[in-house]
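The values are calculated or read from the model by the stated rules, or taken from the named source; none is laboratory data. Keep in mind the model is a prediction, meaning the values are calculated, not measured. Cβ atoms come from the backbone with ideal geometry, glycine included; neighbour counts cover every protein chain shown. Just so you know, the surface numbers come from the protein's heavy atoms only, side chains and all, with ligands and any DNA or RNA stripped out. Shrake-Rupley method; radii C 1.70, N 1.55, O 1.52, S 1.80 Å.
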Amino acid sequence: MIKLSAVAQSSIFAELNGKIISKKNVRKTFPISNLSRLVLIYEVLSAIRSKKISLDTPLIVSEKISLFSKKDRSAAMHFQTGEFFTVKQAIEILLIISEKSAAYLLIEKIFGNLEKWRSETARFLKQEKINGLIYEPVGLISREGRENLLSAISILKVINKLVNDFPKILAMTQKKQFIFQSDRQVQFYRNPNFKQRINNLQISAFFAEKNQKSSNFISVFKIKDKLYLSELLAVDNTFFNREETADALINNQFLEVEKQLWQE
């Protein structure tokens, strides 16, 4: 087991579906925000696989969702009542720009309402032995004040399931840019998490989120054609007063691991 002096409160470095190479405090849960969408995306893709919906299934914006998209600060896009777009487009804007309105539309279509989704998600987490609580599909705290929490080992399990069952998801996360088109608008977006490389690592997926006091970083990358996962959870935001970028943190923390893996 490789030891790392990570500034993160919790960290993990592992082969996907394989051995854990380094770990620190991996079973303690920490607040997560946009990472919770990975569970919803898995649920949506599972519904497509079971033919409950398809990528071309239309989603119609209700008055409630329209008002939310225009008033809530967490909504990145504005929608009109009656506007429609496909499940595929909803997955893209949820995965790439964490669009919360798309999350609610997908939940309405597949589960009927938010409470039923919460119940089904709790059942899924228990079934997969995933330690954590998820009350909101995107965002740190629900309207009831309940907090989304996952551990590093739980995030590893979620990403393992995503990549195993739906390997094309990695290519979706690596879109440099994309065009969203509904019946009423066309919008061009750049992927805020697009990265081709960090140091000498070929990136297959990258997720970053900043909460009030800390930040989380998840990277899926390739070494010798094998997929690995690195996680840095609950990194004190004051760290970034001393380092220029999150990349510097990731490079510093995993440089020694990278060297040893290349030497194997």
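Out of the helices (runs of 4 or more DSSP H) lying entirely within region 55-112, which hold 3 or more residues that are in contact with a helix residue (DSSP H, G or I) (Cβ under 8 Å, 6 or more places away or on another chain) and open to solvent by less than 10 Å² (accessible area, probe 1.4 Å)? Step through it out loud before you land on a result.
Details: elements: 63-71, 87-97, 100-111.
The helices (runs of 4 or more DSSP H) meeting that bar are 87-97, 100-111.
Report, by residue number, each residue of region 113-130 that is of a type outside the set (S, T, N, Q), outside any helix (DSSP H, G or I) and over 16 Å from the mean Cα position of the chain (by Cα). Full working, then the answer.
Residues of region 113-130 of a type outside the set (S, T, N, Q): 114-118, 120, 122-126, 128-130.
Next cut, outside any helix (DSSP H, G or I) only: 128-130.
Across region 113-130, the qualifying residues are GLU128, LYS129.
Consider region 80-134. How many of its residues are free of Cβ contacts under 8 Å to residues at least 40 places away in the same chain, of a type in the set (Ser, Thr, Tyr) and under 19 Å from LYS157 (Cβ atoms)?
Matching residues across region 80-134 total 0.
Test GLN196 against the stated conditions and say whether it is farther than 22 Å from ILE21 by Cα, in contact with a Lys or Arg (Cβ under 8 Å, 6 or more places away or on another chain) and not basic (Lys, Arg).
When the stated conditions are applied, GLN196 does not pass them.
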